[in-house]
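Taking it in order: structure first as structure tokens, then the write-up.
Every number in this text was worked out from the coordinates using simple rules, so none of it is lab data. Since the model is a prediction, treat every value here as computed from it, not as a measurement. Virtual Cβ from ideal backbone geometry, glycine too; neighbours counted across all protein chains shown.
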Amino acid sequence: MKLGFDIDDTLINLREHAFHIYNQKLGQNVGLDVFHALPSMEIHSAFGLTKEEGGKLWHSLRDEIYYSDCATFPHAREALNQLVAKGHEVYYITARAKEHTDRTRQWLLDNGFPVAEGHFFCGMSDSEKVHIIEQLELDYYFDDKPTVLATLSHLPIQICVKDRSYNRHLTLPRITSWEELPRLMQG
Ligand SMILES: [Mg+2]
């Protein structure tokens, strides 16, 4: 089978990683309880920043957020390596900006994720993901972002949501821990 994965906040805990970096850079100590209760994807409101200030800060720290020691979600790397070992095809589809293509691919490899030639797609907008997912004729696709998932509902593939605080209203099949993946695939 062919399985596609978003990266940020689907396979790796990027927003929480960024939350720690924001605390450090802003000299604040906002608790993780605030993070876990965030109703939206953006983290700037937890630090009293406007959308514009938050956007600027994210942009200025983006390299550090992306390429420092962001934690992967438990069992994500193992689950994907097990898929490949069983003969399945693993694809990555990330809307990180195009200039991050090579470094993001390398980061995945350095962190133990299986990345086959031609299985890594980066630099499309959220609304363009659907075209790649459709062309690849995936059997499964996993993402955390409600606006992306909403563009996929007409596709004849199994769409699954990675559980996060801001997507609990979605009624799609849900992955809370990557250990659940084999069971989810068995239906
Ligand atoms: Mg994501």
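General observations
- Mean Cα-pair separation over length for the stretch 30-111, i.e. relative contact order, pairs under 8 Å, 6 or more apart, %: 18 percent
- Under the criterion of Cα pairs below 8 Å and six or more residues apart, the relative contact order for the stretch 14-67 equals 36 percent.
- For residue 12, distant residues with modelled amide H under 5 Å away: 73
- Think of each Lys and Arg Cβ as +1 and each Asp and Glu Cβ as -1; about the Cα centre, that makes the dipole of the chain roughly 180 debye.
- The alpha carbon convex hull volume per residue for the stretch 18-109 rounds to 129 Å³.
- Karplus-based coupling profile of the stretch 32-40, in residue order and whole Hz: 5, 4, 5, 4, 5, 9, 4, x, 10, with θ = phi - 60° in 6.51 cos²θ - 1.76 cosθ + 1.60 and x standing for Gly or Pro.
- Cα-based helix-to-principal-axis angle, 76-85 vs the chain, degrees rounded to 10: 20 degrees
- Every pair of different Cα atoms in the stretch 14-67 enters the Kirkwood calculation, which places the hydrodynamic radius at 11.1 Å.
- Per-selection Rg to Rh, the stretch 85-176 - Cα, Kirkwood hydrodynamic radius: 0.95
- Between residue 88 and residue 103, the modelled label-to-label distance comes to 3.1 nm, taking each label 7 Å out from Cα in the direction of the beta carbon.
- Interchain or long-range residues, amide H under 5 Å from residue 2's placed H: 89, 139, 140
- Evaluating 6.51 cos²θ - 1.76 cosθ + 1.60 at θ = phi - 60° for every residue in the stretch 157-165, the Karplus couplings come out as 10, 7, 9, 10, 10, 7, 4, 9, 4 Hz, glycine and proline recorded as x.
- In this structure, the residue pairs whose Cα-Cα separation is over 30 Å, taken from 2/25; 86/162; 2/51; 56/129, are 2/25; 2/51.
- Across the stretch 49-187, Cα pairs under 8 Å and at least six residues apart give a relative contact order of 20 percent.
- Taken one residue at a time, the phi angles of the stretch 62-72 give Karplus couplings (6.51, -1.76, 1.60, θ = phi - 60°) of 4, 4, 5, 4, 6, 10, 8, 9, 4, 6, 7 Hz. Gly and Pro are set to x.
- Translational diffusion coefficient (Stokes-Einstein; Kirkwood radius from C-alpha pairs) of the chain at 10 °C, 1.306 mPa s, in µm²/s: 93 µm²/s
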